[in-house]
Every structure is written in structure tokens, then in C-alpha cells.
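Bear in mind these aren't lab numbers, they're just calculated from the coordinates by the rules spelled out. Since the model is a prediction, treat every value here as computed from it, not as a measurement. Counting neighbours? That spans all protein chains shown, and the Cβs are built from the backbone with ideal geometry, glycine included.
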Amino acid sequence: MNNESTVKGSRRKQAAVIIVVAAAIVIALAVILPSGKDSSAVQDSASTQPLERMDLEQVVTAKGTVHGVDSRNVVVGNVSSQIASVKVSEGQAVKKGDVLCVMDTELLDLNISATRDSLDSAISQHSESVAQASRRVKDAQSQYSYDKKRLNAEVKKAKKALGEAKKKGASGSAALPEATLPQEKTAGAAQSGTGTASLQAAYDAAVSTRDATLRTDRSAIKSAQDALKSQKLMDQTSALQGQLDAYLKQKDDAKVRAPISGTVTSVHAKEGEYPSMEAPMFVIDDIGHLQVDALIPEYDASLLKTGLRVHIVSDAIQNAEWDGEIEKISAVASDESGDFTITVRVKSELGALKSGMSAKLNIVSDSRAGVFAVPYGALGSNAKGEPVIYVKQGGGENSDGSGEGGDNAAPEESRREIVVATGLETDYYVEISGDGLTSGLPVLIDPEGIVTDEAADPLAQFENN
């Protein structure tokens, strides 16, 4: 990756070397060539660049590998059966849930069949037992209803007879005391008392019989209901159904399915073999959506954040670029060197970009739009240490356009410095701002290649430097 300060320093060293070489050339020319017009002709060769507004991007670079945004290793786990059939091949596109292979289920199918038979038998037996117990409950309830109705009728009849006897006896003896009754009346009264007592006994016996019988009937109902509950608790169908469900799930799990949608990039499963406990049976990559993982030194990592724009290029594909965006930056260093891992999501159409390709990331850590900028070599400093640029201008022209030495004299060139403030720095340019900056100013790319108004002699300029 490019370190900004290193790049800037190296460029300024190159500029210094160029300045020395240029100064040496100036000295040589000053010795060889005559002064005057020839000297100004050399000065005419100083290069300039019109000052223009441009868009600047501060870029951090890194290299990484392209891969799918999601990759899954498909394993079966602790399975003792063989692979019956493989349904996919490398490079095949699959959707989530598609069957990749099927494990052998011969023994499992036998267990399923046997469990189904046991379940059917248990359901039939249980249904019959519950039905019989239910009928006993209904019979006991019917007996209770019948006995209650019959015995209540008998009690009612005995009660009515006793009441009538009591009423008849009371009306026959109420008028006179027993001592005053005739002999015949007294005998009748005795007989009447004996009849009432027997009717009372009959009534009491009816009530007692009714209550005892109904208690027995209620007890029979309770016993039948308890038997029904016990029969239901003895049901084996639930356990058998659970076992069958477990077998059916194993049967379904025997169909190894794709956990994600994507492309099968690796197949290790083979028919007739047992699955490996170490290597995955299949590898599926979502290569329809790609990302790039790269390591970034800690200094550059401090300049980055999620959401920054990234320009992606690949050596395998010429004249192509993809747009990306930083999706994730590791919270801690990924290795002992202090590098951090970044994940860049490819945002534009993939085209020829494939998983597994190497890629170069140009991460835009900062940018400026429509600002004045000059190459590093055009930037100097004045006696106060302020950053300046130099603008080339003709210093010896007359108002009519002729030089000071007459019609044939070439005008001397000079430079004018403009104090600027610097801003964003890139590999090649530095942002500048300040008073007096306008588009089109002829900025000297090599400000030492031309004299100032105060030092017109090239030798004097070299000595001053």
C-alpha cells in the first residue's frame, strides 16, 4: 500500500535532485553561451501548467482476494451410513433447500415400517380398550339414573301411604278423650295405631334402600371413570408416534440439503463411500454477490471507516474497474504485524470478476471536489516558511510588446510568488487556496528553472539556493 508521507518525501527528494541537475545545466550554459538573448532563451524553456480546479481523492491502497459474501461447508456429522447418491456437481447453481446427496436408509426404512405396524396395532387396541371403559361408565351412569327414578318413586309412594294413615287416625280420635270413647271406638283406634307404625317402618325402609342403592351406583360410576382414566394413561401410541417421528426426521435428514443459495464450488462426497469426518462433503459459495478481504496497516486503518468508496481492479481483467464499499473493519488486529482486516462489498455489476481472483483496492479515504491543486514540485516556501507557488510572467516587455534591448531583444522572464494554504494531499497533487488564485495562471512546475525579478542572473540564483 502507499504511505502518503513516504510518497511525498520521495517526490520532494526527486524534485531536489532535479533542481540540482537543472542548476548545473544553467551554470554550464552560462559559461558556454554568451549572456543576454541566449540566456533568456534558456529561461523560456521553464515548464508551466495552467492552474485548474479539479477533484482530488486521497487514496489508501491494499491487495486482497475476491470471494463470495457467504460460504458454507456442508457436513453430515456422526453418520454411520454410506452415501447412496450424489445429486450435484462442481459449478452447479443451487437454491437453499436443494438436495445435494442422499444417504443410505435401508436399515432406517425397516425401522420405520416396523414402528408403523406397532403403532397401528397399538392404536387399534387402545381404541377398543377405551371404548369398553367408556361403555362401562355409561352403563353405570344409566343404572344410577334408573335406580334413582325407581327408588324415589317407591319412597314417594310409602310416604303418601303414611301420610294418609296419619291423617285418618287423627280425624277419628280428635273429638273426645280416649276414656270417654265407646268400647268399639277404642278397639278401632288401637288397630289404627298399629297400621301407622307399619307404614312408617315401610317408608323408612324405602328411604334407606334408596340411599344405599344410589351410593352403590355412584361408587360404580366412580370406579368406571377411574378405569377409563387408567386405560388412557396406559396408551402406548404416543411413545410409538414419537419414535416414528424421530425415524422420519432421520429419513429427511438423510437428504443433505443446501444451507444457502449459491454455487457448488467443491464436491467431496462419492456414492458408496462413508462421509469424511474431517473434510466437508460440499462447499457452497454465494458467488453472485462478491466481496474482497484485505489487510490494512494500523496507520491506514485509522483513516478508514465503514461506508467509504472503493475502486476495485484486478490484474486478471484489463481496463475494468468495479465500485465497492467498506462493509466491515476488524475491531482488533488480525496478525502480529498489527494489520487489520477490512471487508469490501462489490456494489457494481460483477461481469468478468470471479471468486478467487486477486484484486487491488483503491480506498478513497478523503476527497475534495472542484478545488485548485498543483503538483508537489510546484510548491515551495518563502523566507517566512509560508507555502507558496510561483507564477511565470514576462518582466522585460515594453508597452508596445518589444523588449528593453530594442526590437530584436527577447524579454526576460520572471516569477511571481503567491502565498497559499495547503489542504488535501494525494500521491501527485496538493490542494491549495488563497488570494490571487484564478483559473489559467501559468504555475511553474519547476520554480527553480526561472529567475525572479530580484535575481535575474542564473549564476546568482544558483548561489542563492
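What are the ³J(HN,Hα) couplings of the range 284-291, residue after residue, when phi is run through the Karplus curve with 6.51, -1.76, 1.60 and θ = phi - 60°? Round to Hz, x for glycine and proline.
10, 10, 8, 7, x, 9, 10, 8
Give me the net charge of Ala62's neighbourhood, meaning all other residues with Cβ under 12 Å from the Cβ of Ala62; Lys, Arg count +1, Asp, Glu -1. If you can, show how the numbers build up before the last one.
Values: positive: Lys63, Lys360; negative: Asp293, Asp300, Asp339.
Result for the local shell: -1.
At a Förster radius of 25 Å, what calculated FRET efficiency corresponds to the Cβ-Cβ distance of Val207 and Lys232, to the nearest 0.05?
Details: r = 38 Å, r/R0 = 1.52.
Using R0 = 25 Å, I get an efficiency of 0.10.
Note the full-extension length gain between Glu164 and Lys222 as 0.36 nm times their separation in residues minus their Cα-Cα distance, in nm to one decimal. Show your work: numbers first, answer last.
On the way: separation 58, 0.36 × 58 = 20.88 nm, distance 3.93 nm.
Separation in residues times 0.36 nm, less the Cα-Cα distance, equals 16.9 nm.
What shape does the range 308-373 have by the C-alpha gyration tensor, where a ≥ b ≥ c are the square roots of the eigenvalues, rounded means a/c under 1.5, and otherwise prolate means a/b greater than b/c and oblate the rest? Spell out each step's value before the answer.
Working: a/c = 1.97, a/b = 1.07, b/c = 1.85.
Here the range 308-373 falls in the oblate category.
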